[in-house]
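Student: Got a structure for you, written out below as structure tokens; questions coming shortly.
The values are calculated or read from the model by the stated rules, or taken from the named source; none is laboratory data. Note that the coordinates shown come from a computational prediction; the quantities given were computed from them, not determined experimentally. We place every Cβ from the backbone using ideal geometry, glycine too, and count neighbours over all the protein chains shown. All accessible areas refer to the heavy atoms of the entire protein, side chains included, with ligands and DNA or RNA removed. Shrake-Rupley method; radii C 1.70, N 1.55, O 1.52, S 1.80 Å.
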Amino acid sequence: MTMTAQSADVRGPSPSLDSELTWLLHRAAQHMHNVTGEQAAKHGLTLREYIVLSALHKTPGLTQGELGKALSLDKSTLMSQLDRLEQRSLVIRLSAPQDRRLRIPEITESGEALRAKVAETSAAAEASVLDGFSQDHIMSLRRMLFAIIGDSEDPGSCL
């Protein structure tokens, strides 16, 4: 076996057009995860922290439990994320008016400013990845992914 063949064996097989759709989606998600994660890291956030901030931006007023369910994060994982964001003054947690035992995380002004910066650089990075596709193709991809996701409540997390 040559050195090149050994290197290829270590890397493993690459996906191809006839690969399982699940594998192609997984690899595409990994790539986008890395691209977006790099943008979050440039601003001092992990990708998971950025996603939590984005969820708080898009769906304000959720309790911690509702937020965890929406993001498919278990309670301890979400709490550690919120703790770190709160320590950095990016999030505050308020008592729910209907039940003071419940906490509602809320993005702060500085958290929103940071989220917006990461969103802008992430959008540019995503656009770079999709540069070879027409807007019609991108919208078709979005519609297909949205249809695949549907309104299912998956128990696992991709974060």
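Student: Mind checking which of Asn34, Ser72, Val129 is farthest towards the positive end of the chain's charge dipole, using Cβ charges of +1 (Lys, Arg) and -1 (Asp, Glu) about the Cα centre?
Tutor: The residue sitting most towards the positive pole is Ser72.
Student: If you project the alpha carbons of region 77-138 onto the principal axes, what extent comes out on each, in Å, largest first?
Tutor: Result, largest extent first: 51, 24, 22 Å.
Student: Apply the Karplus curve 6.51 cos²θ - 1.76 cosθ + 1.60, θ = phi - 60°, to the phi angles in region 48-64 and return the couplings in whole Hz, x for Gly and Pro.
Tutor: Here the 3J(HN,Hα) series is 4, 4, 4, 5, 5, 4, 5, 5, 5, 5, 7, 9, x, x, 6, 6, 4 Hz.
Student: Per residue, how much accessible area does region 26-133 show when a 1.4 Å probe rolls over the protein heavy atoms, in square angstrom?
Tutor: Working: 6210 Å² over 108 residues.
Heavy-atom accessible area per residue stands at 58 Å².
Student: A further question follows. Could you put Glu112, Glu49 in order of accessible surface area, largest first, with the 1.4 Å probe and the full protein assembly present? Before the final figure, lay out each step's value.
Tutor: Values: Glu112 50, Glu49 10 Å².
Most to least solvent-accessible, the answer reads Glu112, Glu49.
Student: When Lys and Arg each count +1 and Asp and Glu each count -1, what net charge do the other residues less than 14 Å away from Ala40, Cβ to Cβ, add up to?
Tutor: Surrounding charge for Ala40 is +2.
Student: Can you list the equivalent-ellipsoid semi-axes of the chain, largest first and in whole Å, using the square root of 5 times each Cα gyration tensor eigenvalue?
Tutor: Working through the eigenvalues yields semi-axes of 34, 18, 18 Å.
Student: Can you list the HN-Hα couplings for region 18-32, worked out from phi with the Karplus curve (6.51, -1.76, 1.60; θ = phi - 60°), rounded to whole Hz and with x for Gly and Pro?
Tutor: Once rounded to whole Hz, the list reads 9, 5, 4, 4, 4, 5, 4, 5, 4, 5, 5, 5, 4, 4, 5.
Student: What figure, in Å² to the nearest 10, do you get for the accessible area of Ile149 with a 1.4 Å probe and non-protein molecules left out?
Tutor: 100 Å²
Student: Once you place label points 7 Å from the Cα toward the Cβ at Arg27 and His57, how far apart are they in nm?
Tutor: Modelled inter-label distance: 3.1 nm.
Student: Please list the non-local residues whose amide H lies under 5 Å from the amide H of Thr108, H modeled 1.01 Å from N, same-chain partners needing a gap of 5 or more.
Tutor: Counting only residues 5 or more places away or on other chains, the set is Val91, Ile92.
Student: Suppose only helical runs count, i.e. DSSP H with n ≥ 4. What mean residue ellipticity at 222 nm does that imply for the chain under -39500 (n - 2.57) per run, divided by all residues and rounded to the nearest 500 deg cm²/dmol? Display every interim value, and only then the final one.
Tutor: On the way: 7 runs with 100 residues, N = 159.
That comes out to -20500 deg cm²/dmol.
Student: Let me ask something else. Going from most exposed to least, what order do Arg101, Arg93, Arg84, Arg142 have by accessible area with a 1.4 Å probe?
Tutor: So, going from the largest accessible area down, we get Arg101, Arg142, Arg84, Arg93.
Student: Which percent of the accessible heavy-atom area of the chain goes to carbon and sulfur, probe 1.4 angstrom? All intermediate terms of the calculation are to be shown ahead of the outcome.
Tutor: On the way: 6320 of 10940 Å².
Roughly 58 percent of what the probe reaches on the chain is carbon or sulfur.
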